[in-house]
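The values are calculated or read from the model by the stated rules, or taken from the named source; none is laboratory data. Not measured: the values here are computed from a predicted model. Counting neighbours? That spans all protein chains shown, and the Cβs are built from the backbone with ideal geometry, glycine included.
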Amino acid sequence: MYLSNIKLWNFRKFGTNGELDLANPNLNLNFTKGLNVIVGENDSGKTAIIDAIKLVLKTHSYEYLRVEDKDFFQDSTRFRIQLIFKGLTTQEAKNFTEWLAWEGSDNNIECYLQLNYDVKRSNNRILPADIKAGVDDEGYLLTSEAKEYLKITYLKPLRDAENELIAKKNSRLSQILAGDPTFKGRENDHELVTIFNRLSTDLENYFKGEFVTHHDDEQGVPQEYAPQEGRAIKDKIDGYIKDFYDERHQTLFNSTTNNIKGILEKLSLYLENQTNPGLGTLNRLFMAAELLHLNKSNWTGLRLGLIEELEAHLHPQAQMQVIEAFQKQKDIQLILSTHSPNLASKLSLENLIVCNNGNAFPMGQGLTKLNPVNYKFLEKFLDTTKANLFFAKGVIFVEGWAEEILLPSLAKLIGYDLTKHGVSVVNVGNIGFEHYSKIFIRNNEPYMTIPISVITDSDIREYVKNGEELELREQNTVSRETIAKIEEISRKNDQSVEYFIAPTWTLEYALFKSTSLSDLFQSIVQTIHSNTPWDNDFQKELAQKLINRGLNKTEIAYQMADAIDQDLLLEEDIRTIQIDINNEEDTINYLIQAIKYATGNRNN
């Protein structure tokens with residue numbers, strides 16, 4: 001069985017003002033059978049989803065969980081959590097017979113389990129509520145025994161793995177081992193009990209000065225001897241005891257552990273031959289122990305693990321190893337949250353869920369407008385840098401390094417710091433924007449609201465080659481072709497994705513013709529390409545280099561960005577680089593509009 005769906009009404013950030021409408025949940029999210037990784041910017045709802053699951057199902061580690069006022073959306077007086085489980089085997093279904101519902105028709109009927117948790121508050125008091133199950137909106141009370149089969153494994157963020165793995169009363173390690181069939185139900189007749197009882201007898205004899213068994217380190221031959229140092233300690237304490245009581249009293253040293261629970265609480269787990277392991281090693285050990293628990297045999301309940309911030313204490317390469325191991329798990333379900341682009345880049349989109357603006361969006365096939373070719377492409381080319389797009393408030397897709405380098409400085413110049421606005425500039429390295437932009441376009445409502453700017457060239461040349469010479473094309477023809485190209489590309493605008501097209505050939509040509517940056521651009525180009533006779537005809541020489549791919553675009557962009565950054569360090573009244581953001585005739589206006597849209601300032 002696996003958690004197939006969660007619905008939330010007025011829970012944390014997933015809510016609306018007014019009466020709770022059961023027909024319209026504020027979150028309706030499907031999960032896959034295996035690995036589910038929730039990503040998104042801070043405060044987008046990742047933890048709320050995990051906490052909702054945890055609040056209903058509780059954990060194997062018996063954490064204290066209760067409803068708090070912060071769980072209610074704003075001033076609402078009621079929240080509701082609904083969980084649906086599917087894929088129940090016969091052995092699993094027998095644990096929930098009286099609460100099961102059925103769906104399908106003819107020979108394709110399957111059972112499912114629906115849990116409802118409806119909580120209200122009145123006069124600043126949260127009213128007691130029970131977990132119910134059944135096919136209708138109300139359901140019937142779920143018994144304590146049934147709830148045991150639904151408990152989950154939970155690893156909190158910034159977890160103290162060392163504390164979970166050391167010997168102590170009720171340690172998590174002891175709980176994991178006690179639940180394994182090797183130990184479960186064998187409280188007093190397990191071989192470990194026999195071993196510890198022998199140890200207890202040897203301890204008692206040690207302090208009595210009687211014979212104990214010693215194994216010689218070199219020959220391994222058991223020998224019996226009667227140590228006296230333990231007896232000396234006992235005699236001293238006995239002397240005090242006889243003074244405190246009388247001659248009839250004496251002490252007895254003993255190990256009181258005579259059951260499997262107490263023995264397991266004395267165990268610690270470490271990596272062999274590794275002293276003083278770091279937090280990353282201990283974290284991986286802890287997760288390995290929890291996987292043992294989730295994969296235990298003869299268990300007919302839910303096998304669901306929740307892990308917040310999987311990357312805690314793990315360096316990037318370790319993160320990759322762990323997520324690859326998780327993707328191999330077959331019979332358990334994992335729901336993780338992460339802030340790591342490293343992990344997001346390694347995952348199949350089928351396993352990814354993006355939180356955005358009070359909703360959550362699975363990225364699997366059939367849910368986005370990505371086609372199978374796009375998915376296959378992204379599996380190879382969605383690297384760590386590009387995966388930043390899953391954590392951004394806005395995204396700007398660009399064709400190459402020049403735009404990626406120049407845009408952040410240009411944005412600061414016009415008053416929109418991309419970093420402060422949480423905008424990622426993603427360099428796709430070509431014009432294959434749709435491989436990436438369609439990630440944000442949904443087949444059905446609700447739609448994603450992350451503003452996506454796609455900056456591209458019109459690629460309509462003003463010059464053509466006539467043999468070895470360049471000829472300037474007829475300007476009316478260029479204008480008609482440019483308008484037609486812009487209209488063609490603009491038809492790709494969809495939902496929150498919008499294209500911003502250079503009105504003149506390329507970025508560099510737009511910079512050359514710009515009313516605000518042309519002088520700066522020309523000065524830098526002439527310095528970088530000092531052997532080119534620019535004084536003859538700058539425009540024609542620029543076109544020649546663009547056509548022959550001889551223009552050092554990256555260096556030009558870098559020097560322009562640096563010049564803008566240095567100018568911004570000056571007092572405002574002595575700055576020399578200025579842009580009129582309201583001048584629609586400026587050929588770089590398309591860049592300005594792309595920046596404003598991605599930062600949520602289109603109307604400013």
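Screening the range 326-382 for residues that are under 22 Å from H293 (Cβ atoms) and among the β-branched types (V, I, T) and picking the one that is nearest to the chain's Cα centre (by Cα) gives T338. Of all residue pairs spaced 6 or more apart or on separate chains, those with beta-carbon atoms under 7 Å, a first member in the range 31-45 that is hydroxyl-bearing (S, T, Y) and a second member that is crowded, with 19+ Cβ neighbours inside 10 Å are T32/N351; S44/C355; S44/N356. Suppose the filter is assigned by TED's automatic domain parsing to the domain that holds T47, of a type in the set (G, A, S) and either out of contact with any His (no Cβ under 6 Å at 6 or more places or on another chain) or crowded, with 18+ Cβ neighbours inside 10 Å (or both); does S409 pass it? When the stated conditions are applied, S409 does not pass them.
Suppose the filter is out of contact with any His (no Cβ under 9 Å at 6 or more places or on another chain), charged (D, E, K, R) and surrounded by 14 or more Cβ atoms within 10 Å (Cβ to Cβ); does D235 pass it? Break it down stepwise before answering.
Values: out of contact with any His (no Cβ under 9 Å at 6 or more places or on another chain): yes; charged (D, E, K, R): yes; surrounded by 14 or more Cβ atoms within 10 Å (Cβ to Cβ): yes.
Yes.
Considering only residues that are under 33 Å from the mean Cα position of the chain (by Cα) and surrounded by 14 or more Cβ atoms within 10 Å (Cβ to Cβ), which ones fall in the range 86-102? Within the range 86-102, K86, G87, L88, E92, A93, N95, F96, L100, A101 qualify. Residues satisfying the criterion are present in the range 506-522 (criterion: at pLDDT 95 or above and among the β-branched types (V, I, T)). Candidates N298, N254: the one that is surrounded by fewer than 14 Cβ atoms within 10 Å (Cβ to Cβ) and on the phi > 0 side of the Ramachandran plot is N298. Could you please find all residues in the range 442-455 being surrounded by 17 or more Cβ atoms within 10 Å (Cβ to Cβ) and within 20 Å of the chain's Cα centre (by Cα)? Those that are surrounded by 17 or more Cβ atoms within 10 Å (Cβ to Cβ) and within 20 Å of the chain's Cα centre (by Cα): M448, I450.
Checked against the criterion of being in contact with a strand residue (DSSP E or B) (Cβ under 8 Å, 6 or more places away or on another chain) and assigned to a helix (DSSP H, G or I), the candidates Y206, Y154 yield just one match: Y206.
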